[in-house]
Amino acid sequence: MSGHRRTWFVVLPDTEAGSATAAVWGTAERRAPHHPGGRPWILGDWPADESVTVQAGSVTPAVPGTSDADTHLRRRLGCDVRDIADVAAETLLRPGLDGATYALTGPQAFSHSELAHLLGELTSRPVRYIDMSPDEFHGHLVRTAHLPDWLASHVVEIQQLAIARPESPNDTVETVLGRPARTLGAFIHEHLAMFAPVA
């Protein structure tokens with residue numbers, strides 16, 4: 001953990017005794033992920049960017065402290081919408097491709113931390129990924145990104161689905177189109193102006 005501040009945590013059982021212990025410490029200005037039943041699970045004080053929590057169905061592993069768990073547990077696939085459109089057109093126009101189901105992905109999966117690093121490299125700006133619980137992420141989307149509640153809930157649901165049902169990159173786009181799928185790096189480079197600081 002970081003040496004710039006006093007950090008600590010304690011793991012509490014999902015029992016009345018655990019709740020009583022949490023009440024003694026209190027939760028003001030402290031982080032307290034909860035058990036499914038609502039009782040405090042991990043009580044402590046640590047920087048937001050020094051923990052990783054993954055919710056996948058009924059299983060929620062948590063790693064307090066600096067860790068590369070995000071890299072191994074939560075990798076995301078993206079497919080350029082132009083590749084999706086090109087594959088759709090090809091299946092309509094080329095004989096023998098209709099009637100099948102095509103799972104389309106980009107050529108590489110990224111963790112959130114890797115995506116932040118890539119954005120930082122391409123924009124020459126510091127970009128840091130901060131892990132949030134589903135509830136924290138929903139609140140951020142509503143308060144900061146000003147998304148309507150229903151859309152924020154949908155975005156969180158998609159993120160959780162990607163965790164619960166991880167996928168691996170495939171070569172379907174290249175097989176159908178005869179060219180490699182567009183990379184995330186290429187997409188960001190093409191749209192660098194969208195990532196410029198707001199004046």
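Values in this text are rule-based calculations from the coordinates and carry no lab data. Note that this is a predicted model, so its numbers are computed, not measured. Because the Cβ atoms are built from the backbone with ideal geometry, glycine has one as well, and the counts that use them run over all protein chains shown.
Run the numbers for Asp149 and Thr21: contour at 0.36 nm per residue of separation, minus the present Cα-Cα distance, in nm.
Between Asp149 and Thr21, full extension yields 42.6 nm more.
Rounded to two decimals, what is the ratio between the C-alpha radius of gyration of the stretch 73-195 and 2.2 N^0.38 Å? All intermediate terms of the calculation are to be shown ahead of the outcome.
On the way: Rg = 16.7 Å, N = 123, 2.2 N^0.38 = 13.7 Å.
Scaled against compact globular proteins, the figure is 1.22.
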Report task. Output ³J(HN,Hα) for the stretch 95-108: one whole-Hz value per residue in order, computed from phi by the Karplus curve 6.51 cos²θ - 1.76 cosθ + 1.60 with θ = phi - 60°, and x for Gly and Pro. Result -> x, x, 9, 6, x, 9, 9, 10, 8, 10, 9, x, x, 8
Report summary line: Packing-ranked peptide list from 83-96, 168-181, highest mean Cβ count within 10 angstrom first, is 168-181, 83-96
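Using the beta-carbon distance between Val10 and Arg165 and R0 = 30 Å, what value does 1/(1 + (r/R0)^6) give for FRET efficiency, to the nearest 0.05? Mind showing how you got there, number by number?
On the way: r = 33 Å, r/R0 = 1.09.
Step by step, r from the Cβ atoms, then E = 0.35.
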